[in-house]
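The values are calculated or read from the model by the stated rules, or taken from the named source; none is laboratory data. None of the values given here were measured: they were computed from a predicted structure. With ideal geometry, Cβ positions are generated from the backbone for all residues, glycine too; neighbour counts draw on all protein chains shown.
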Amino acid sequence: MKLLKNLCFILTTITITATAQDYKLGKVTVAELEEKQHPKDSSAEAAILFEKGRTHCEYSQNEGFQMYTDVDVKIKIYKKEGYEWANKSVIYFTGGQNNETIMFSKAVTYNLVNGQIEKTKLKSEGEFIEKYNRYNSIKKIAMPNVKEGSIIEYSYTRKSPVGLNLPKWYFQTSIPVNYSEFITSIPEYFTYTATQKGYIQLKTTVDNISKTITFYKHNVADNINYSDTKTTYIAENVPAMKDEDFVNNINNYTSSISNELVMTKAPESYTKMYSSDWESVVKKIYEDDDFGSELNKVGYFEDDVTTVIKGLSTNEEKIDAIYNFVKNKVKWNDYNGYSCIDGVKKAYKDGVGNAAEINLMLTSMLRYAGITANPVIISTRKNGVSYFPSITAFNYVIAAVEVADGLLLMDATEKYGVPNILPTRDLNWFGRLIRKDGTSTEVDLMPKTISREFSNIIYELKKDGSIEGNIKTQYTNNLALSFRNKNLKTNKESYIENLEHKYNNIEIIEYNRENDTELSNPISETISFKSSNSSEIIGDKIYIAPLIFLATKENPFKQETREYPVDFGYPIETKYIINIKIPEGYVVETLPQSISLSAGEEIGGLKYIAAQNEDSIQIVITETISAAIIAPDYYEVLKSFFQQMIDKENEKIVLKKI
């Protein structure tokens, strides 16, 4: 019946008594406008004074249930850096028959002018729509007359003709939130599971409300009574979520509520279960015509692949040949997705496709060559991590080959990729491998193989404190992939100029690079350089840090505590072999002490070896980060370890004139 035409959510949660205050738009005071800084965070550029959202379902005879989300927002701007909070963008679905709509209203900027409150309403030219991608658009507003001290208010309503998910609600963001409230009112016919992320304790209440639906058949009214479940979540005085280095996606740890459909049950009808476990999710994805059916198509490539693998005897040779063939044959259009858009045949013909078309094609070709290959559905870092079974948990697919010692993971969208070296966007905890029979297994996406940066540094220190020498650096595995992606698109002249600036304005005399596109080999670069500001002369002494301009100057970990993991992406070893020629007429007065530090298997270690041989100094520094992800329990140890490494890198050799 039409009752199931559109879907809404019932949330399962713990009940805690809370009393919501009366927060309404249009009530702006002189005191609020006069406030110069946030009372609990003086560094805040802006603050959300309140943000209220309500998702509810309304029934109509023609459309069935429609889902509406109404949002009211009031923001205080403290500094110029906070002006961006006067602009609001909402992404919504516009790529099919069941499109969403977004309507803004009550958009006003308030300022204090000569002791009086001045209101400036948003005009039509401050509201516009942009195409976001094939499936979504963005509705934007730019609030008028924004200044330091302004308060802005606006409302918007999202209407969803068909909704399998409630809009995700964030109680926390990068600025303080004084009050955040989210209410869901859901008919009894729909059951949903709510999942809370983050570390903010929410005040929650659940109430049941009786409601009635009236049907008209041949002008005769027929009433059905049902129950609405109203759930209210409240968070108050929420601190800003401070982003820090080495976080895969800060939204994974930001306080929020998200929901997933579990079951629908219409009156006098059967119960329909949805994705309640990972096997159900995977089965639904595999049975999708844009996934399983596309994976089984082979006719369009048979002749070409037969030619590609002709004369190759080992599976390793065939894997490499097919992988490189797909990378060169079909270019990625920068669209994610585990489902095909135009299909593998069209992507093959046109030479361009989305992630699913490219990697399902790769999987199919590998199978055709007799290799045990399967697709692995994943969530990219930008998409975040899902903690419960959900179709929307995934937004990407890669290929996997089963070998004797595990899996070879491949992403043919990556131009510079090699087997088992995935782009950083793919390195997001776990994926799920789907076999031909529809079963699945969890796949760890985080690399265990160490990526290495090895530098051989040779330079001569002159009497005037200047230095001249050479640095040859090699990068392996994910570091090599990252280097190629960042730098190979930049012309050599611009790259050298940027390098000179990065290295404290050195002069690069000569630059060479090897193995740009020989992907199975480490990529390396060699620079010949001069520097006049890498040492310090005080009296008859020269002070110089052996790593010169390569030394890290600042600890990336600044917070006292951290509640979310540190994500390096992959294990890393950085090694420097340094040879320094001492200027004639000088002797070593102080040489950094050799040490060996261990921060434990969960973190890594540092080895620093220093020695003198007549008129030269040899130093070997090895820094290791052992794990891709380090739990927050080890944050203090990690922070201290990094500081020890930085201090040691900047420890100076002292030379004395004789």
Name the one entry in Q593, Q643 that is assigned by TED's automatic domain parsing to the domain that holds E560, loosely packed, with under 15 Cβ neighbours inside 10 Å, in contact (Cβ under 8 Å) with a residue 60 or more places away in the chain and closer than 23 Å to L550 by Cβ. Q643
Taking the stretch 503-522 only, how many residues are surrounded by 11 or more Cβ atoms within 10 Å (Cβ to Cβ) and not in a loop (DSSP other than H, G, I, E, B)? 7
Output the number of the condition that A347 fails; it satisfies all remaining conditions of (1) free of Cβ contacts under 8 Å to residues at least 60 places away in the same chain; (2) over 15 Å from T413 (Cα atoms); (3) of a type outside the set (D, E). (2)
Taking first residues from the stretch 272-291 that are under 16 Å from N359 (Cα atoms) and second residues anywhere that are surrounded by fewer than 16 Cβ atoms within 10 Å (Cβ to Cβ), the pairs with Cβ under 6 Å that are 6 or more apart or on different chains are Y286/G438
So which residues in the stretch 230-262 are at negative phi, over 18 Å from the mean Cα position of the chain (by Cα) and polar (S, T, N, Q), if there are any at all? T231, T232, N259
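Is the stretch 202-220 home to any residue that is within 21 Å of N252 (Cβ to Cβ) and polar (S, T, N, Q)?
Going through the stretch 202-220, the residues within 21 Å of N252 (Cβ to Cβ) turn out to be 202.
Going one step further and asking which of them are polar (S, T, N, Q), we end up with none.
Taking every residue of the stretch 202-220 in turn, none turns out to be within 21 Å of N252 (Cβ to Cβ) and polar (S, T, N, Q).
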Is there a residue being surrounded by fewer than 18 Cβ atoms within 10 Å (Cβ to Cβ) and either over 26 Å from K489 (Cβ atoms) or in contact with a Phe, Trp or Tyr (Cβ under 8 Å, 6 or more places away or on another chain) (or both) anywhere in the stretch 359-368? yes
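Go through the stretch 523-541 and give me each residue that's in a loop (DSSP other than H, G, I, E, B) and either basic (K, R) or in contact (Cβ under 8 Å) with a residue 60 or more places away in the chain (or both). Walk me through it before giving the result.
The initial filter retains those residues of the stretch 523-541 that are in a loop (DSSP other than H, G, I, E, B), namely 532-534, 539-540.
Those that are in a loop (DSSP other than H, G, I, E, B) and either basic (K, R) or in contact (Cβ under 8 Å) with a residue 60 or more places away in the chain (or both): S532, S534, D540.
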What strands (runs of 3 or more DSSP E), lying completely within the stretch 92-186, carry at least 2 residues that are among the small types (G, A, S) and exposed (fewer than 15 other Cβ atoms within 10 Å of the Cβ)? none
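Do you know which residues across the stretch 496-506 are in contact with a Leu (Cβ under 9 Å, 6 or more places away or on another chain) and either without any contact (Cβ under 8 Å) to a residue 12 or more places away in the chain or among the hydroxyl-bearing types (S, T, Y) (or both)?
Here is the first cut: in the stretch 496-506, the ones in contact with a Leu (Cβ under 9 Å, 6 or more places away or on another chain) are 503, 506.
Listed by number, the list holds a single entry, Y503.
From P632, P565, grab the single residue that is crowded, with 18+ Cβ neighbours inside 10 Å, under 26 Å from the mean Cα position of the chain (by Cα) and either under 30 Å from G539 (Cα atoms) or at pLDDT below 95 (or both).
Working: P632 fails: crowded, with 18+ Cβ neighbours inside 10 Å.
After applying the criteria, what remains is P565.
Yes/no per residue for (1) touching a strand residue (DSSP E or B) at 6+ places or on another chain (Cβ under 7 Å); (2) under 22 Å from K140 (Cβ atoms); (3) of a type in the set (A, V, I, L, M, F, W, C); (4) not assigned by TED's automatic domain parsing to the domain that holds A142:
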| residue | (1), (2), (3), (4) |
| --- | --- |
| T29 | no, no, no, no |
| D41 | no, no, no, no |
| D70 | yes, yes, no, no |
| K80 | no, yes, no, no |
| N98 | no, no, no, no |
Tally the residues that are in contact with a helix residue (DSSP H, G or I) (Cβ under 6 Å, 6 or more places away or on another chain), more than 27 Å from N383 (Cα to Cα) and either free of Cβ contacts under 8 Å to residues at least 12 places away in the same chain or not aromatic (F, W, Y) (or both), restricting the search to the stretch 303-338. 6
Please determine, by comparing only the residues of the stretch 337-352 that are modelled with pLDDT of 95 or more and farther than 18 Å from R367 by Cβ, which one is nearest to the chain's Cα centre (by Cα). V352
Per the filter on the stretch 435-493, residues in contact (Cβ under 8 Å) with a residue 40 or more places away in the chain, of a type in the set (V, I, T) and farther than 20 Å from A627 by Cβ are T439, I457, I458, I467, I471, T473
Would you mind stating whether K558 is more than 28 Å from R425 (Cα to Cα), in contact (Cβ under 8 Å) with a residue 24 or more places away in the chain and loosely packed, with under 15 Cβ neighbours inside 10 Å? no
A careful count of residues in the stretch 197-211 that are under 27 Å from P565 (Cα atoms) and either crowded, with 17+ Cβ neighbours inside 10 Å or at pLDDT 90 or above (or both) gives 6
Go through the stretch 590-616 residue by residue and tally those that are under 17 Å from N579 (Cα atoms) and either part of a strand (DSSP E or B) or not small (G, A, S) (or both). 14
